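Q: Mind looking over this structure? Questions follow.
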Amino acid sequence: MARALINVPAKAKRGEVIEIKTLISHNMETGFRPDNTGKPVPRDIITEFVCKYNGEEIFRAELFPAISANPFLTFFTIATESGTLNFEWTGDNGFSASESANITVE
Amino acid sequence: MRSGAVAAVATAVLAATAIAAEIPLADRKSGYDFMGRETRAMQDDDTANPGMLWVLDGEALWKRKDGAAGKSCADCHGDAQTSMKGVAARYPTFNAARGRPIDLEQRVNMCRTDQQQSTPLPFESKDLLALTAYVGRQSRGMPIDIADDERTRPFLQAGRDMFNQRQGQLNLSCALCHEDNWGQKLAGAPIPQGHATGYPLYRLEWQSLGSLQRRLRNCLVGMRAQSYTFGAPEYVDLELFLMWRARGMPVETPAVRP
């Protein structure tokens, strides 16, 4: 599975705005580049990212060929309750990766 | 007396323009100091620094048994966090068996062939970058400390000569940009002083981690000069000189650069 790095604060106050950072290892091959024989290299990118907070979707992103390799996505949410954040990336050629992080809300 | 002083000043000015002055130790700056705020933030945060993806891969490789000997790096070296601390700060280092300095990539491959009885990893392969990044990461923040002794001196001199040698169709030397014109702009980008403090590093332009030799190749191609094959002694001499030139500066591996 692709390696991913997640940064979620371990603790937050209820109602606090928290920043979530995600980084995943992926080539993000655009499909527009030729290889050394001149043939185009087939597209191989992550197409979708979803973040769920205790099962509820709070952030979704569509990714396109112009997005760099090893996409770094960062976004904000409000800390409402203690629980788990799930992150899921899906892409070409059946690519799928997931990670999770716990948060304690006081 | 007065004319003598004027003559002395004139000679001094002439000497300064004729020979590129080395950057005084206190005026040295890492490439980090030339970067924008966002790129610095990327390097400083281990969860935003893409180089850390390679470091994590390196950590897994460190423990993986390989080769006919069925040994992992950890079987000989134990916990890299203690055994590899400060190691990358001393590389390239003189190797008695080879009779010349070797860089970290060559050291990893020597271990692979001699100890693990496995095949050497190709230069710039993901695994070699991962292992060198992982080993380099253990020295982060430590001062670069290159041995300047009888054994390394001839190679340091060879590296210095290459650094000052004009070459290629544009007739440039490394020193012309990185000593005489650092801080100026080249095609809109600032020219850094060329201290190799953070290799292997993640270049946004490469969208990948890369070694110092890859960077040197880039510079040579830019100068329209002939580049060497990866692992060539010329590169290692230049790496040795560059690291000596950055002596005392902290290791930043894995650094991020634009």
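No value in this document is a laboratory result; all are computed from the given coordinates. Note that this is a predicted model, so its numbers are computed, not measured. Cβ atoms come from the backbone with ideal geometry, glycine included; neighbour counts cover every protein chain shown.
Q: Take the range A:1-43, drop everything but the C-alpha atoms, weight them equally and run the Debye formula without solvent; then report log10 I(q)/I(0) at 0.27, 0.31 Å⁻¹ to two decimals.
A: With one equal scatterer per Cα and no solvent, log10 I(q)/I(0) is -0.92, -1.03.
Q: Oh, and also: Rg over Rh of the protein assembly as shown, using C-alpha atoms and the Kirkwood radius, what does it come to? Please list the in-between numbers first.
A: Numbers: Rg = 23.8 Å, Rh = 23.0 Å.
Dividing the radius of gyration by the Kirkwood radius yields 1.03.
Q: Let me ask something else about it. Using a 10 Å cut-off on Cβ to Cβ distances, tally the other chain neighbours for every residue of B:46-57 and report the average as a whole number.
A: 5
Q: Using θ = phi - 60° and the Karplus relation 6.51 cos²θ - 1.76 cosθ + 1.60, list the HN-Hα couplings for the range B:140-154 in order, rounded to whole Hz, with x at every Gly or Pro.
A: 3J(HN,Hα) across the range B:140-154, in whole Hz: 4, x, 8, x, 5, 9, 9, 5, 10, 9, 4, 6, 8, 3, x.
Q: Ranking request for peptides B:100-106, B:173-179: highest mean number of other beta-carbon atoms within 10 Å first, then the rest in descending order. Could the numbers behind the result be given before it?
A: Values: B:100-106: 23.3, B:173-179: 19.4.
Those peptides, ordered most packed to least, come out B:100-106, B:173-179.
Q: With only alpha-carbon atoms in the gyration tensor, what are the semi-axes of the equivalent ellipsoid for the range B:110-178, in Å, largest first?
A: On the way: eigenvalues 177, 66, 49 Å².
Whole-Å semi-axes of the equivalent ellipsoid: 30, 18, 16.
Q: Pull up the cross-link candidates among the lysines for B:Lys29, meaning alpha carbon to alpha carbon under 17 Å and not fewer than 8 places away within one chain.
A: Filter leaves B:Lys185.
Q: Relative to the longest principal axis of chain B, what angle (0 to 90°, nearest 10) does the C-alpha long axis of helix B:233-245 take?
A: It is inclined by approximately 70 degrees.
Q: Still on this structure, please answer the following. In nanometres, what is the gap between the two model label sites at A:Ala101 and B:Asn171, each 7 Å from Cα along Cα-to-Cβ?
A: So the label points at A:Ala101 and B:Asn171 sit 5.5 nm apart.
Q: Please state, as a whole number in µm²/s, the translational diffusion coefficient that the Stokes-Einstein equation yields for the range B:129-216 at 4 °C and 1.567 mPa s, with Rh defined as the Kirkwood radius across alpha carbon pairs. All intermediate terms of the calculation are to be shown ahead of the outcome.
A: On the way: Rh = 15.3 Å.
The estimated diffusion coefficient comes to 85 µm²/s.
Q: I've got another one for you. May I ask you to list the lysines whose Cα is less than 28 Å away from that of A:Lys52, ignoring any residue fewer than eight positions away on the same chain?
A: Reachable lysines: A:Lys11, A:Lys13, A:Lys21.
Q: How large is the helix-only mean residue ellipticity at 222 nm for chain B, computed as the sum of -39500 (n - 2.57) over DSSP H runs with n ≥ 4, divided by its residue count, in deg cm²/dmol to the nearest 500?
A: Here the helix-only value at 222 nm equals -12000 deg cm²/dmol.
Q: Could you tell me the center-to-center distance, by alpha carbons, between the range B:127-190 and the range A:47-94 in angstrom?
A: 40 Å
Q: If I take the Cα coordinates of the range B:181-258 and project them onto the principal axes, what are the three extents in Å, biggest first?
A: In descending order, the Cα extents are 32, 32, 27 Å.
Q: Taking B:Lys65 as the anchor, which aspartates and glutamates have their alpha carbon closer than 13 Å to its alpha carbon, excluding any fewer than eight residues away along the same chain?
A: List returned: B:Asp75.
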